[in-house]
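Notes follow once the structure below has been shown.
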Amino acid sequence: MIEREALAKARAEAKTMPLDWLLQRLADTTLSPSYRDKLATMAAPYCSPRLSAVAIAKRPAQMSDQEIAELIGLTEEDMLRLGIGRDKWPHPVH
């Protein structure tokens with residue numbers, strides 16, 4: 001019996017993760033707006049991705065022929081995924 005009570009207590013105490021607790025407090029409209037703003041600031045990194053890297057592309061004039069061919073291939077793949085130009089595929093190989 002004591003083991004069951006201890007297990008139930010452990011589950012009750014561990015059921016809320018820190019982010020869940022922050023979000024519950026954030027939803028509490030009885031708290032002051034400035035405090036809720038601070039809670040939102042603390043929760044934001046765990047709810048929204050942060051930009052970690054920025055791709056810097058070369059201008060086509062700075063690319064080699066191989067880089068341009070790779071870029072064209074990637075662009076064509078993206079267009080196909082979007083459904084653009086599907087009626088033109090497969091295109092003839094030269």
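Points to keep in mind about this one:
- Added length on full extension, which subtracts the Cα-Cα distance from 0.36 nm per residue, ARG25 to GLU70: 11.2 nm
- ³J(HN,Hα) computed for each position of region 62-69 - Karplus, 6.51 cos²θ - 1.76 cosθ + 1.60, integer Hz, glycine/proline x: 9, 8, 7, 4, 5, 4, 5, 4
- Table column - 3J(HN,Hα) (Hz), region 25-31, Karplus curve with 6.51, -1.76, 1.60, x for Gly and Pro: 5, 4, 7, 6, 6, 7, 7
- Efficiency of FRET from Cβ geometry, TYR46 and ARG4, R₀ 25 Å, rounded to 0.05: 0.15
- Using θ = phi - 60° and Karplus 6.51 cos²θ - 1.76 cosθ + 1.60, couplings along region 78-85 (whole Hz; Gly, Pro as x): 4, 5, 5, 4, 7, x, 8, x
Each value in this text was obtained by applying a stated rule to the coordinates, not by laboratory testing. Please read all numbers here as calculations on a predicted model, not as lab measurements. We place every Cβ from the backbone using ideal geometry, glycine too, and count neighbours over all the protein chains shown.
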